[in-house]
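So the structure is just underneath, and the comments pick up after that.
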Amino acid sequence: MKICSVELRSNEAIICLLTLEGGMVGIPECRTQKFIMDNSLDNQKMRDFQFAFKKLLDDYKVEKVVIRTRETRGKFAGSSVGFKLESAIQLIDDLDVNFMSNADIKEKLKRNPMAIDFRATGLRQFQEAAFTTGYAFLGR
C-alpha cells in the first residue's frame, strides 16, 4: 500500500509518501515535499493546486491520502486557506481520503512506536508531522 500523508499548515500542504510492504514502512522518493498557495486564492489557483496534487498521486500510484486534522477554533486553529486546500483534496474523484486527529496519532504511536528516529529518515524537518501522521495511519 502506498499513501500520501498531509499536514495542512497556514497556506501549505506538506506531504510525505509512505509505503507498507510485508509489515515494513518505506519512504519512497518524491519530487516535492509541499505545495504552497498564496492567500489570494481564486478559482483557477484552486483548480491548479487540485490538478498538481492529483498528478502527483497518479504519478506515484498513491492509493490513499491521510490528512492530519486541525482545530477549527482557538490558538491552534487552521487557516481558511488550509481548509480550502483540504476541500480541494477531498473533492478529487476516486480518491480515498482519511483523517487522523492528534489524539488518534498519539494513541497509535503509543501502541506501535516508531522504529526509526525521524532524523534518520532523510526527510526534511518540516515534514515530521506529515511523516508521523502517515506512520500512525499505517500502524493501524
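For this structure, a couple of remarks:
- Candidate set: the range 16-63, residues that are small (Gly, Ala, Ser) and touching a strand residue (DSSP E or B) at 6+ places or on another chain (Cβ under 8 Å); chosen: the one farthest from Glu86 (Cα to Cα): Gly26
- Residue within the range 57-68 that is part of a helix (DSSP H, G or I), charged (D, E, K, R) and closer than 20 Å to Gly23 by Cβ present: no
- Cβ-Cβ under 9 Å pairs, at least 6 apart or on other chains, the range 101-128 side within 16 Å of Ile14 (Cα to Cα), far side in a helix (DSSP H, G or I) and of a type in the set (A, V, I, L, M): Leu123/Ala130
- Just one of (1) at pLDDT 95 or above; (2) exposed (fewer than 14 other Cβ atoms within 10 Å of the Cβ); (3) out of contact with any strand residue (DSSP E or B) (no Cβ under 6 Å at 6 or more places or on another chain) fails for Gln90. It is (3).
- Tally, over the range 28-59, of residues that are among the hydrophobic types (A, V, I, L, M, F, W, C), under 21 Å from Gln127 (Cβ atoms) and exposed (fewer than 14 other Cβ atoms within 10 Å of the Cβ): 2
Yes/no per residue for (1) in contact with a strand residue (DSSP E or B) (Cβ under 7 Å, 6 or more places away or on another chain); (2) among the acidic types (Asp, Glu):
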| position | (1), (2) |
| --- | --- |
| Val65 | yes, no |
| Ser79 | no, no |
| Asp94 | no, yes |
| Phe126 | yes, no |
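- Residues in the range 1-40 that are assigned to a loop (DSSP other than H, G, I, E, B), touching a Gly at 6+ places or on another chain (Cβ under 8 Å) and modelled with pLDDT of 95 or more: Ile27 only.
The values are calculated or read from the model by the stated rules, or taken from the named source; none is laboratory data. Bear in mind that the values here come from a model prediction, so they are computed numbers and not experimental data. Neighbour counts are summed over all protein chains in view; Cβ atoms, including those assigned to glycine, are modelled from backbone coordinates with ideal geometry.
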